[in-house]
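The values are calculated or read from the model by the stated rules, or taken from the named source; none is laboratory data. What you see is a predicted model; the values in this text were computed from it and never measured. Reconstructed Cβ throughout: ideal geometry from the backbone, glycine too, with neighbour counts over all protein chains shown. The accessibility values were calculated without ligands, DNA or RNA, using every heavy atom of the protein model including side chains. Shrake-Rupley method; radii C 1.70, N 1.55, O 1.52, S 1.80 Å.
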Amino acid sequence: MIIAVVSGKGGVGKTTLVANLGATLSMLGKKILLMDLNISTPNLGLYLGFLSQERSIQKALEEETELKDCVNIYKPNLHLIVADFYNENCDLNFLRESLETLPTYDFIFLDGAAGIGKEVKETINACDKVLLIVNPTMFSIVSGAKIMKLVRKEGKSVEIIVNKWGIGPNHITLKKIRELLDAPIIGVVPFDKKIVESCERNEIFAIKHPNSSIAKEFRKITSHLTGLPLKREGVLKRIFSRLRFWQ
């Protein structure tokens, strides 16, 4: 399944969600590819510690190389395609056709740009499903509503993840978010300032802190995406899973 992860405005934590969702799914034995399609301001490679630009999405879409040759192996079940920091001239018109040339993955996450520009439209065109990421603020919800209009115009299925829940005392309620965006909410990820520290250390928070409320919420979201029941894991099993991931 190809999932476009988008937001109406920047700063909602979209890339953090992509990395954590992908890692959590990979821990379940799913083969995952994360692709940075925020061509203007790419961050996914930085988040995961990939600074090399030799094999980027731009080189593939400009036909300098094949897309499959741009895949970086982060972990055995977690792969990554980065975007070049210095090349904003990238045509995504043939993105879907390029994705079809890749090896088989259980999930491909397209980390899209913020807003409703051409990059975002092509990202949505290439996917099977859209995840809209919003914060519980009116600015974020109103921006998200513009994305919803675009998604529905393209006839794509869309679900919502609310990120940074609890960031302030007066934020919008989940009921109001559902009413304004008219789509199901599949996850509510709590705010934790420690996640910023994890980003700076190129750590995936949900894997580094498996007992946190954030990690538990990511496991709930992955259960929804896979259709598999949420399993209760013992402490030892979770520790061994983390060790296997970081090896």
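Pairs from the list Lys156/Lys176; Lys146/Lys216; Lys14/Lys176; Lys75/Lys129; Lys75/Lys153 with a Cα-Cα gap above 28 Å: Lys146/Lys216; Lys75/Lys153.
Build a GNM of the chain with springs between Cα atoms under 10 Å apart, and of Arg219, Arg55, Arg201 the one that fluctuates most is Arg201. Once the 1.4 Å probe is applied to the protein heavy atoms, the chain comes out at 48 Å² accessible per residue. Taking only the Cα atoms of the chain, the radius of gyration and Dmax are 17.1, 50 Å. Annotation: the antiparallel percentage among DSSP beta bridges lying fully within region 24-107 is about 35. A simple rule links phi to the HN-Hα coupling: the Karplus curve 6.51 cos²θ - 1.76 cosθ + 1.60 with θ = phi - 60°, which for region 186-194 gives 9, x, 10, 8, x, 7, 8, 5, 5 Hz, with x for Gly and Pro. If you average over every viewing direction, what projected area does the convex hull of the Cα atoms of region 100-235 give, in nm²? Quarter of the Cα hull surface area: 10.2 nm².
Computed from point charges on the beta carbon alone (+1 for Lys and Arg, -1 for Asp and Glu), the dipole magnitude for the chain about its Cα centre is near 1460 Debye. Values of log10 I(q)/I(0) for region 1-115 across q = 0.14, 0.19, 0.22 Å⁻¹ run -0.50, -0.97, -1.34, by the Debye formula with one identical scatterer at each alpha carbon and no solvent. Ranked by the mean number of other Cβ atoms within 10 Å per residue, highest first, peptides 3-10, 203-210, 70-77, 175-182 order as 3-10, 203-210, 70-77, 175-182. With all pairs of different C-alpha atoms in the average, the Kirkwood value for the hydrodynamic radius of region 122-188 is 12.2 Å.
Test of understanding: in a Gaussian network model of the chain with alpha carbons linked when under 10 Å, which of Pro103, Pro184, Pro136 would top the mean-square fluctuation ranking? Per the Cα network of the chain with a 10 Å cutoff, Pro103 tops the list.
Ligands, DNA and RNA left out, the accessible area of the chain computed with a 1.4 Å probe is 53% carbon and sulfur.
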